[in-house]
Amino acid sequence: MWEHERLVVRTGKRSGMTTMVALHSTDAGPAVGGCRMKTYPQITDAIADVLRLSKAMTLKCSAAGIPHGGAKSVIVVDRPVTPQRRRDVLLDHADLINEFGGAYRAGPDVGTGPDDMLVLKELTPYAYCLPEEHGGTGSSSGPTARGVLAALKAASQHVFGTNGLAGKKVVISGFGSVGELIARGLEGAEVIVSDVDESRRTDEFGWVPPDQAYKVKADVLVPAAVGGVLSPETVKELDVRLIVGPANNQLTDDSVAGLLEERGIVWVPDHVASAGGVIYTLAREDDGAGHEAALTRVDGIEATVRRLLTTGQGT
């Protein structure tokens with residue numbers, strides 16, 4: 001069933017590359033969501049991704065009490081991206097964002113960063129997270145990781161009866177900027193990490209290949225890479241008690257939540273655990289809050305997760 005307000009797909013006049021925006025909901029206010037730049041097997045895969053991600057942003061904003069709806073945008077990488085072509089496709093994307101007249105406001109996502117938002121800003125006012133030296137809040141990795149750690153703290157109390165994860169075994173699947181910050185924030189835990197990029201391997205933490213990350217016997221699993229990793233097949237192989245992570249759209253479909261519950265695995269929905277970045281950014285850039293005040297709002301994810309688990313509205 002179609003749930004979205006609008007989906008627009010364009011071929012950029014400068015780059016010749018495909019860009020798209022899915023606007024899920026503006027009921028609560030202008031929609032916000034990141035701009036993802038990546039390769040897809042087919043254009044239909046990109047459309048499916050942008051639709052799923054935009055809905056997740058609506059859920060994320062709602063759970064965080066943010067007066068915004070959800071949207072997402074995708075730039076499809078289907079050819080070598082030179083510096084000039086990257087700039088061209090970002091300007092093409094800025095044109096598309098402007099078509100929404102402020103109903104969609106973009107930030108960084110997989111494959112993009114603050115410098116890319118600066119290029120968007122040349123043609124559209126609707127871009128968040130510019131580099132700090134240009135008046136933005138920069139990368140949202142830190143607040144995102146902080147929010148996940150807050151969620152882990154609440155979930156640990158619920159599942160293990162402890163206020164932290166000291167002495168627990170934690171597997172982090174995805175050792176990028178957010179995954180690394182989460183790993184470093186897990187004081188006293190035995191941390192094992194995994195990533196498709198072997199160069200990220202470090203002696204500081206344990207390491208398993210990506211295809212083994214969801215099979216390791218551990219206390220906690222932290223999905224911190226791509227979405228769609230929790231499928232019926234994967235759930236059968238899990239040997240953990242708790243799943244909390246920043247990866248968006250972790251379930252292949254909603255029925256997987258029921259399978260996790262049947263196995264006694266507590267799962268904190270990703271749209272709750274991963275909200276730290278958007279909470280911080282909007283607090284700073286929309287509300288004018290200071291750094292510490294914005295982080296305090298991020299820390300509120302702990303209370304949200306406690307309520308979620310106490311009332312039984314989660315898995």
### Message
For region 115-122, check the following and say yes or no: at least one residue is in contact (Cβ under 8 Å) with a residue 24 or more places away in the chain and either among the hydroxyl-bearing types (Ser, Thr, Tyr) or closer than 23 Å to Pro269 by Cβ (or both).
### Response
no
### Count of region 160-184 residues which are within 23 Å of Arg306 (Cβ to Cβ) and either under 18 Å from the mean Cα position of the chain (by Cα) or modelled with pLDDT under 95 (or both)
7
### Filtered residue count, region 214-265, keeping only those that are more than 15 Å from Leu53 (Cβ to Cβ), touching a residue at least 40 places away in the same chain (Cβ under 8 Å) and assigned to a loop (DSSP other than H, G, I, E, B)
10
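Quick one: which of Lys60, Lys121 is over 25 Å from Ala225 (Cα atoms) and either basic (Lys, Arg) or at pLDDT below 95 (or both)?
Working: Lys60 fails: over 25 Å from Ala225 (Cα atoms).
Selected residue: Lys121, the only one of Lys60, Lys121 that is over 25 Å from Ala225 (Cα atoms) and either basic (Lys, Arg) or at pLDDT below 95 (or both).
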### Message
Can you tell me which condition Val170 does not meet? The list is (1) in contact with a Gly (Cβ under 9 Å, 6 or more places away or on another chain); (2) in a strand (DSSP E or B), and all the others hold.
### Response
(1)
### Task
Taking Glu204 as the residue in question, decide whether it is part of a loop (DSSP other than H, G, I, E, B) and either acidic (Asp, Glu) or out of contact with any His (no Cβ under 6 Å at 6 or more places or on another chain) (or both).
yes
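Would you call Val272 touching a helix residue (DSSP H, G or I) at 6+ places or on another chain (Cβ under 8 Å) and more than 20 Å from Pro143 (Cβ to Cβ)?
On the way: touching a helix residue (DSSP H, G or I) at 6+ places or on another chain (Cβ under 8 Å): yes; more than 20 Å from Pro143 (Cβ to Cβ): no.
So Val272 fails the test.
From the residues in region 155-177 that are of a type in the set (S, T, N, Q) and touching a residue at least 40 places away in the same chain (Cβ under 8 Å), which one is farthest from Ala303 (Cα to Cα)? Walk me through it before giving the result.
Kept after step one, since they are of a type in the set (S, T, N, Q), are these residues of region 155-177: 156-157, 162-163, 173, 177.
Applying the additional criterion that residues be touching a residue at least 40 places away in the same chain (Cβ under 8 Å) yields 156-157, 173.
On the way: Ser156: 13, Gln157: 12, Ser173: 25 Å.
By that ranking, first place goes to Ser173.
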### Task
Scan region 120-134 and give yes if some residue there is in contact with a helix residue (DSSP H, G or I) (Cβ under 9 Å, 6 or more places away or on another chain), of a type outside the set (Phe, Trp, Tyr), within 27 Å of Ala28 (Cβ to Cβ) and in a helix (DSSP H, G or I), otherwise no.
yes
### Query
Going by the structure shown, is Val148 in contact with a Pro (Cβ under 7 Å, 6 or more places away or on another chain) and either assigned by TED's automatic domain parsing to the domain that holds Asp49 or touching a residue at least 24 places away in the same chain (Cβ under 8 Å) (or both)?
yes
### Message
Quick check on region 57-78. Is at least one of its residues touching a residue at least 60 places away in the same chain (Cβ under 8 Å) and more than 19 Å from the chain's Cα centre (by Cα)?
### Response
yes
### Enumerated strands (runs of 3 or more DSSP E) restricted to region 1-64, each holding at least 1 residues that are buried (at least 22 other Cβ atoms within 10 Å of the Cβ)
18-23, 31-38
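The values are calculated or read from the model by the stated rules, or taken from the named source; none is laboratory data. Everything numeric in this text was worked out from a predicted model, so none of it was measured. Cβ sites come from the backbone with ideal geometry, for glycine too, and all protein chains shown count toward neighbours.
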